[in-house]
């Protein structure tokens, strides 16, 4: 364990990025948080819209998008270029010295291309938290520089790979948890995990292994949330101190959202 | 003057980026150069083609492109995203630990939006070498990390600005010349400055203030080269040790190209 104080890894989802007002509020709130801190962002619908405008057909396999070569170029442009630099420039304007990073930059995060069997997702990668260069991230954090990760990684052989932003956030949080106590905050457009997405009062305050099993069985947890929660438990098992799923507008409210915890 | 050995700042032009074979050769040659070293790249025709495909009209003013808001998004995507990350990933594959940077990243280079009078070029910026954060660049070089700059800068107020890549290369070279002796290499698809662009044997080996005046008067120097050479002399006056204009394929040949020198 290193010498850094509590590290916050904050992931923002596509719905925050697509909404200019929500994004600007996030940037102001995030800039106000004490350091050390890290952002991980998804891409939002900009890449999909760009593919549509360029007549690049989008192939969906079991509900997930295939990243062919043309789509990889678009997501690299949109995630690593437009979205990343907009967030970085906006953070600078709020006094937060951010640096945008893909996994290729300083070779900080490598990914492995997902095997083409049983399903070929194209240029999609998976990350092993063990090979993230936490020393480089530590150098940045120690200099009070704030890493802003997009979800484009590389394989070390010259190929860029499109990764899942929740998985990037989780892997980065696991890697930096060896430097200092790390909290992972997954921010989106809901107050947290809800029993009923149409009922603002149905927020689940805490999910532990025991009630998670029950929530899954009863179907109370939306199927889209299951990979997010599974990811959260995996991060906790691998050293992350705390995981919270919350609304991006409640970033500065420590008692908001759904806490994922291994303890009852 | 700091403790770093000879620093090379290598700028590659659009014709190298547009030609996959030339780019791959450049990447291999650059990776083989001794450190410390820095790349600055332009964008090539990819951004123009992307604007055409997206039906974004390109407004030319006196032969130069206006960067309106829609065009700024495209150049940010293409230069800071696609081109920058492709170069970085290719360098990593050649054992060169590169990091892609826009000016907004770590607030390393700020630009000022060019005044809208007499000509409004839109979101175009000019750089003052004095406010480049050479300390951050020095930290990277000292860690044997290779900065790869695109030509997208920021104003510190949240606005990204499109800058001329030759000017970025020149400003970065001036800034790092305070850390160590710096050589600026401007690489493109010609052998150097030619008396006759159609005659490979007409390479001008050396341009000094005396023969430059004569070459301009006689019209022997192509008008497109004049800003490049003016830029080179300005860099020399402001501390850069040497400037060479050369073919990208002759990067590793120290006796190639046209040397720009203040001395006869």
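We did not get these values from a lab; they are worked out from the coordinates using the rules stated. All of these numbers come straight from a predicted model, not from anything done at the bench. Counting neighbours? That spans all protein chains shown, and the Cβs are built from the backbone with ideal geometry, glycine included.
This ranking places B:79, B:121 by how few other beta-carbon atoms lie within 10 Å of each, fewest first, which gives B:121, B:79. A Förster radius of 35 Å combined with the Cβ-Cβ distance from residue B:62 to residue B:28 puts the calculated FRET efficiency at roughly 0.35.
With the simple spin-label model, which puts each label point 7 Å out from Cα in the Cβ direction, the residue B:237 to residue A:262 separation comes to 6.5 nm.
The fraction of Cα-Cα pairs per 10 angstrom bin, counted from 0 for chain A, comes to 7, 31, 37, 22, 3, 0 percent, rounded to whole percents. For the protein assembly as shown, taking the reciprocal of the average inverse distance between every pair of different Cα atoms yields a Kirkwood hydrodynamic radius of 24.2 Å. Springs between Cα atoms under 10 Å define the GNM used for chain B, and in it the highest mean-square fluctuation of B:165, B:220, B:90 occurs at B:220.
Counting beta carbons within 10 Å around each of B:258, B:208 and listing the fewest first gives the order B:208, B:258.
Estimated from helical segments only, the mean residue ellipticity of chain A at 222 nm is -9500 deg cm²/dmol, where each DSSP H run of four or more residues counts as -39500 (n - 2.57). Rounded to the nearest 0.05, the FRET efficiency derived from the C-beta distance between residue A:5 and residue B:144 at R0 = 25 Å is 0.30.
Multiplying the residue separation of residue A:69 and residue A:197 by 0.36 nm and removing their Cα-Cα distance gives an extension gain of 42.5 nm. Each label point was placed 7 Å from the Cα along the Cα-to-Cβ direction; for residue A:131 and residue A:157 their separation is 1.1 nm. Using a 7 Å offset from Cα along Cα-Cβ at residue B:21, what residues in the range B:149-192 end up with backbone N under 16 Å from the label point? Taking a point 7 Å out along Cα→Cβ of residue B:21, the residues of the range B:149-192 whose backbone N falls under 16 Å are B:189-190. Ranking of B:245, A:260 by neighbouring Cβ atoms within 10 Å, starting from the fewest: B:245, A:260. Taking the Cβ-Cβ separation of residue A:189 and residue B:117 as r and a Förster radius of 30 Å, what is the calculated FRET efficiency to the nearest 0.05? Once rounded, the FRET efficiency stands at 0.10.
Label-to-label distances for residue B:143 across copies, nearest first, come out at 0.6 nm, using points 7 Å from Cα in the beta-carbon direction.
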